[in-house]
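Here is the structure we will look at, set down as structure tokens.
The values are calculated or read from the model by the stated rules, or taken from the named source; none is laboratory data. These numbers come from a predicted model, not from an experiment. Here the Cβ is made from the backbone with ideal geometry for all residues, glycine too, and neighbour counts use every protein chain on show.
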Amino acid sequence: MVIRSPLPDVEIPPVSVYEYLFGTITDAELERVAVVDGVSGAATTFRSLVAQIDAVAGAVAARGLGVGDVVALHAPNVPAYVTVFHGLLRAGVTVTTVNALASAPEITKQLADSGARLMVTVSPLLAAGEAGAKGAGLGDDQIVVLDGGGTGDGPDSGPGHTSLADLLADPHPAPDVTFDPATHLAVLPYSSGTTGRPKGVMLTHTNLVANVAQSMAIGVGSDDVVPCVLPFFHIYGMTVLLNLALRTRARLVTLPRFDLAQYLGVIQEHRATFLFVAPPIALALAKHPLVDSYDVSSVRAVLSGAAPFGESLAGAVRERLGEHVRVLQGYGMTEMSPVSHCIPFDRPEIPSGSVGLLVAGMEAKIVDPATGTEIDQPAEGVSDPGELLCRGPNVMVGYLGNPEATADTLEPDGFMHTGDIVTVDAGGVFQVVDRLKELIKYKGYQVPPAELEALLLSHPQIADVAVIGLPDEKAGEIPKAFVVPVAGASLTEAEVIAFVAEQVAPYKKVRSVEFIEAVPKSASGKILRKDLRAAAG
Ligand code: 4UW
């Protein structure tokens with residue numbers, strides 16, 4: 001049985017992301033502040049933002065980049081991210097967004113796999129960014145350092161790299177590019193999906209436009225002030241902050257990293273109204289003593305997504321911030337641009353511990369993973385749990401260069417496997433109750449076990465290995481490795497942890513190790529993660 005969104009259909013215009021966000025902007029809107037640098041306080045109006053985006057598009061086109069080219073964007077949340085991201089899209093370039101915490105080998109893999117021809121980074125990330133780009137065969141002239149720094153050790157501007165200012169020094173008009181928004185790839189974020197290593201997720205301009213239109217139900221509006229602490233490089237920040245908040249003409253306040261005191265300071269100083277968070281930030285808002293030292297009375301809504309967020313934490317947030325605050329939840333996946341479910345702002349009866357309703361234009365099926373039988377939405381009460389499959393205008397085209405993984409994830413009829421176990425009630429309210437796929441979520445970030453397992457297997461003293469997520473109050477889950485040492489090995493837990501830590505982004509670190517004699521596997525050789533989870537308690 002196909003479950004349809006109960007929300008009214010929304011119009012999805014057949015235009016580019018730039019056209020959708022700024023094509024109909026009014027003179028009055030152009031005068032408003034669009035982006036504030038949360039660190040320096042510098043403000044940019046929509047007029048100046050659009051002019052800068054056009055200038056970046058012109059500069060990019062003048063370098064010979066456009067439709068068919070991929071550029072990597074490797075930066076934390078700074079105002080220039082907004083202009084460069086949208087400038088690249090405006091020029092017809094496909095942007096692969098790189099995690100700001102990524103290690104050099106991780107960057108190399110993503111750049112090589114996506115075929116990126118230019119790396120845009122910032123000086124604090126230059127050490128990893130430059131090594132990563134060079135590993136993928138990019139030359140010095142293919143690395144742009146937004147703030148012009150050259151050493152990776154600070155603002156000391158070394159020679160050799162072009163800055164954003166250099167790019168814009170010789171102004172060029174925005175190019176006249178034409179492409180079909182329904183098929184042209186806007187972005188290539190990387191996600192492990194339901195299994196395996198990170199893969200390039202092909203999202204078109206229409207996918208992104210659709211998801212902004214669909215996410216209007218969240219209820220963010222032009223009077224909202226939105227601190228942007230969730231990274232723009234992750235699909236949640238990209239769609240909800242870089243696209244939705246800009247389209248609704250809200251004010252974005254950028255923060256390059258999460259520091260609770262700085263975050264609370266921004267909320268107080270800028271009278272923030274709508275907080276988009278992941279569960280660890282919600283936990284801090286609910287429980288951290290520092291919150292009492294700041295005036296957070298301007299907040300009218302807190303929306304959590306990216307990892308499980310239960311009723312008790314939602315209740316604790318409401319209790320701390322005030323009963324007038326709407327505590328909302330969204331659910332999604334990179335492969336769905338990402339939002340497939342949310343609690344609409346104007347539906348206060350929907351429990352905050354649920355993921356709410358299918359967004360407009362979305363269809364879902366719930367399938368028993370053991371039998372493949374479809375589970376019906378009940379006339380009353382709650383359905384049995386099953387795997388969620390979704391279909392809609394926001395669902396990806398597929399994984400770049402990986403037809404096998406695409407075929408495993410996307411059914412021929414357009415339904416996509418999420419790898420999440422859900423229930424639905426008679427009113428169309430969904431709950432995420434478990435995760436079928438192997439993915440681990442550390443503070444909302446993806447940690448693909450297959451990637452860590454491949455890395456660990458490259459250690460000469462490791463014969464076999466399996467990695468699972470252990471429940472953790474603060475992080476949601478932490479990666480734990482079950483290691484089978486080779487005969488006679490003298491490996492310690494600390495050595496295993498250090499071996500991984502040297503090669504991956506910090507959030508992917510293995511945080512616990514257990515030595516075992518054999519990894520439990522099915523007859524077909526699949527790791528029996530459920531058995532390991534049960535053994536881990
Ligand atoms: N509850 C339980 C949740 C939830 C969840 C995600 O890194 P990705 O690919 O993508 C994301 C997307 C986050 C997001 C989407 C839409 C939205 O409205 C929102 O809040 C505004 C956030 O994280 O990871 C996808 C996987 O993350 C888990 C789930 O396993 C999913 O397949 N996940 N949201 N509310 N689990």
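I'm trying to understand the selection: among the residues of the range 437-457, which are small (Gly, Ala, Ser) and more than 7 Å from the ligand (Cβ to nearest atom)?
Passing the criteria: 450, 454.
Among the residues of the range 458-479, count how many are within 15 Å of the ligand (Cβ to nearest atom), small (Gly, Ala, Ser) and in a strand (DSSP E or B).
Residues meeting the conditions: 2.
Consider residue 304 carefully, then state whether it is near the ligand (Cβ under 10 Å from one of its atoms), in contact (Cβ under 8 Å) with a residue 24 or more places away in the chain, out of contact with any Lys or Arg (no Cβ under 8 Å at 6 or more places or on another chain) and closer than 28 Å to residue 198 by Cβ.
Here the answer is yes, as residue 304 does meet what is asked.
Give the residues of the range 213-226 that are within 13 Å of the ligand (Cβ to nearest atom) and touching a strand residue (DSSP E or B) at 6+ places or on another chain (Cβ under 9 Å), sorted by residue number.
Within the range 213-226, 214, 215, 217, 218, 219, 220, 226 meet the criteria.
Name the single residue, out of those in the range 318-343 being surrounded by 24 or more Cβ atoms within 10 Å (Cβ to Cβ) and under 22 Å from residue 264 (Cα atoms), that is nearest to the ligand (Cβ to nearest atom).
329
Among the listed residues 406, 418, which satisfies the condition of being hydroxyl-bearing (Ser, Thr, Tyr), within 16 Å of the ligand (Cβ to nearest atom) and surrounded by 23 or more Cβ atoms within 10 Å (Cβ to Cβ)?
Checking each option against the conditions leaves just 418.
Say whether the condition of being in contact with an Asp or Glu (Cβ under 8 Å, 6 or more places away or on another chain) and outside any helix (DSSP H, G or I) is met by at least one residue in the range 213-220.
yes
Within the range 227-266, restricting attention to residues that are within 23 Å of residue 392 (Cα to Cα) and among the hydroxyl-bearing types (Ser, Thr, Tyr), which residue is farthest from the ligand (Cβ to nearest atom)?
Per the stated criteria, the residue is 248.
Restricting to the range 20-40, give me the number of residues that are out of contact with any strand residue (DSSP E or B) (no Cβ under 7 Å at 6 or more places or on another chain) and touching a residue at least 24 places away in the same chain (Cβ under 8 Å).
So the count comes out to 6.
Please list, ordered by first then second residue, the pairs with beta carbon atoms under 8 Å, 6 or more apart or interchain, first in the range 411-423 and free of Cβ contacts under 8 Å to residues at least 24 places away in the same chain, second part of a strand (DSSP E or B) and within 11 Å of the ligand (Cβ to nearest atom).
Taking only residues 6 or more apart or on different chains, the pairs are 411/417.
When residues of the range 193-212 are filtered for being outside any helix (DSSP H, G or I) and not hydroxyl-bearing (Ser, Thr, Tyr), how many remain?
9
Give 327, 317 a once-over and let me know the one that is assigned to a helix (DSSP H, G or I), touching a residue at least 24 places away in the same chain (Cβ under 8 Å) and touching a strand residue (DSSP E or B) at 6+ places or on another chain (Cβ under 8 Å).
317
Taking the range 438-485, which residues are among the β-branched types (Val, Ile, Thr) and either within 23 Å of residue 334 (Cβ to Cβ) or at pLDDT below 95 (or both)?
440, 447, 467, 468, 478
Given the conditions (1) in contact with a strand residue (DSSP E or B) (Cβ under 9 Å, 6 or more places away or on another chain); (2) at pLDDT 95 or above; (3) among the polar types (S, T, N, Q), which single one is not true for residue 123?
It fails just one condition, (2).
In the set 298, 293, which member is in contact (Cβ under 8 Å) with a residue 60 or more places away in the chain, among the hydroxyl-bearing types (Ser, Thr, Tyr), more than 27 Å from residue 191 (Cβ to Cβ) and away from the ligand (no atom under 16 Å from the Cβ)?
So the residue among 298, 293 that is in contact (Cβ under 8 Å) with a residue 60 or more places away in the chain, among the hydroxyl-bearing types (Ser, Thr, Tyr), more than 27 Å from residue 191 (Cβ to Cβ) and away from the ligand (no atom under 16 Å from the Cβ) is 298.
Got at least one residue in the range 313-320 being of a type in the set (Gly, Ala, Ser) and either at pLDDT below 95 or under 24 Å from residue 363 (Cβ atoms) (or both)?
No, the conditions are met nowhere in the range 313-320.
Kindly indicate whether any position in the range 180-188 is of a type in the set (Gly, Ala, Ser), within 16 Å of the ligand (Cβ to nearest atom), modelled with pLDDT of 95 or more and in contact with a strand residue (DSSP E or B) (Cβ under 8 Å, 6 or more places away or on another chain).
So far as the range 180-188 goes, no, none of its residues is of a type in the set (Gly, Ala, Ser), within 16 Å of the ligand (Cβ to nearest atom), modelled with pLDDT of 95 or more and in contact with a strand residue (DSSP E or B) (Cβ under 8 Å, 6 or more places away or on another chain).
Just to check your reading of the model, which residue among 284, 360 is touching a helix residue (DSSP H, G or I) at 6+ places or on another chain (Cβ under 6 Å), away from the ligand (no atom under 13 Å from the Cβ), assigned to a helix (DSSP H, G or I) and at pLDDT 95 or above?
Residue meeting the stated conditions: 284.
Looking at the structure I just gave you, is residue 174 crowded, with 18+ Cβ neighbours inside 10 Å and over 20 Å from residue 234 (Cα atoms)?
yes
Pick from 306, 272, 316: which is under 21 Å from residue 445 (Cβ atoms) and among the small types (Gly, Ala, Ser)?
Going through 306, 272, 316 in turn, the sole match is 306.
Going by the structure shown, is residue 38 surrounded by fewer than 23 Cβ atoms within 10 Å (Cβ to Cβ), small (Gly, Ala, Ser), over 19 Å from residue 21 (Cβ atoms) and touching a helix residue (DSSP H, G or I) at 6+ places or on another chain (Cβ under 8 Å)?
Criteria not met by residue 38.
Quick check: anything in the range 424-431 touching a Cys at 6+ places or on another chain (Cβ under 7 Å) and either more than 10 Å from the ligand (Cβ to nearest atom) or not in a loop (DSSP other than H, G, I, E, B) (or both)?
No - not one qualifying residue is present in the range 424-431.
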